[in-house]
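**Student:** Starting off with a structure, shown below.
Every read-out reported here was derived from the displayed coordinates using simple, explicitly stated rules and does not represent laboratory data. Since this is a predicted model, take the numbers as computed values, not measurements. Reconstructed Cβ throughout: ideal geometry from the backbone, glycine too, with neighbour counts over all protein chains shown.
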Amino acid sequence: MARYFAWRLALGILVLWAAFTLSFLLLYLLPGDAAAVAAAGGGEGAADPAAIEALRAELGLDAPFHEQYLAALGGALVLDFGSSVQNGIPATEVLARALPSTATLAGAALVLSVIGGIGLALVSNLIRSSWLRGILQSLPSLAIAVPTFWLGLLLLQVFSFQLGWVPAFGSTGFVGLILPALTLSIPTGAYLAQVLTRSLHETLARPFIEQARAKGAGDTRILVRHALRNAALPTLTIGGVLVGQLLAGTVVTETVFSRDGVGRMIVTAVANRDIPLVMIAVVFAAAIFVVTNLIVDALYPLVDPRLSHSTKQRPATKGRPTPPSAPGAASTEPGRTRANEVAA
């Protein structure tokens, strides 16, 4: 198990390096001049050429590409991304100021996504009416298809401008968090509901479910106690990916609701070609993705203990470990089936 996680950690470091390198290359190839934008206070071309050249030399932008890259990479290894081109504040400090607001928004949206997604999947599998079940199971596809910015504007129009229940803009207070969190959580929860609903549908068709039903277990007990745990692995996998999607969604959501945070910081940094801020934001997002997937890997054996044995046998396999047998398949113990284990 330790060797497996060491391998996954090495892959995570490779992901961080690739994200840093590709971002630096794209920013280098973008047209325009960060020094000119900074010297002109946002209006490129309005500053004195001598001031622009002096600023380019100060920022190291007059050096060849490989020298700029190696200097930036060396600084990133010690968490020194330089100072913001616009205001001279260290990039780490700018990120630290923007992070609490974004973390609060993403955390609230994640909680709503998990509650709403799992709740919708369970209700749609428990309900007996076929037409109502069909409606509930079609809701995730509809929610996924709705653009985040349009959903945010719709919630603003209804609950802020027409009903006046919550403020339209602002970064402080619980009330100001409601609409942005809903905007982020609806598509994320829809993904979770869609994956879990499909996984539950496949799990409920397994033989061990029929055995549990034959022993007198009710629908709710079968769904929650027997089916949910066996259907959790695909949902856990997609959940790790959706954490990254939440961070990406904050860029649009914080812009729509005029909230201070990492999302708005990224938008402003890209517009002003503030390379240190863009780089630290990219590395931070990649680090969150890597850490989240490592946590998901660590949770797999807790959901299905058989995975701990598979990772010991195959420590260097690419991707996440797969269960040695599907729910309902034969166990490795002689004379005992997975159905008997779950139904016991």
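**Student:** In Å, what Rg and Dmax follow from the Cα atoms of segment 195-286?
**Tutor:** 21.6, 67
**Student:** Give me the number: length gained by fully extending ARG229 to TYR69, i.e. 0.36 nm times residue separation minus the C-alpha to C-alpha distance, one decimal in nm.
**Tutor:** 52.9 nm is the gain from fully extending ARG229 to TYR69.
**Student:** Hey, can you grab everything whose amide H is under 5 Å from the amide H of SER83? Only 5+ residues off in sequence or another chain; H modelled, so Pro and N-termini drop out.
**Tutor:** The answer is ALA91.
**Student:** Computed FRET efficiency, Cβ-Cβ of ARG128 and LEU163, R0 30 Å: what is it to the nearest 0.05?
**Tutor:** Approximately 0.30, to the nearest 0.05.
**Student:** Output wanted: per-residue J couplings in Hz (rounded whole) for segment 138-144, from phi through Karplus 6.51 cos²θ - 1.76 cosθ + 1.60, θ = phi - 60°, x for Gly and Pro.
**Tutor:** Working through the residues one at a time gives 8, 4, x, 4, 5, 5, 5 Hz.
**Student:** If the chain between LEU294 and ALA248 were fully stretched, how many nm would it gain, using 0.36 nm times the residue separation less the Cα-Cα distance?
**Tutor:** 14.6 nm
**Student:** Now for a separate question. Could you check the spin-label model distance between TYR28 and ALA217? Points 7 Å from the Cα along Cα→Cβ, value in nm.
**Tutor:** 5.8 nm
**Student:** Which FRET efficiency value, to the nearest 0.05, do you get for ILE144 and ASP62 by plugging their Cβ-Cβ distance into 1/(1 + (r/R0)^6) with R0 = 56 Å?
**Tutor:** The calculated FRET efficiency here is 0.75.
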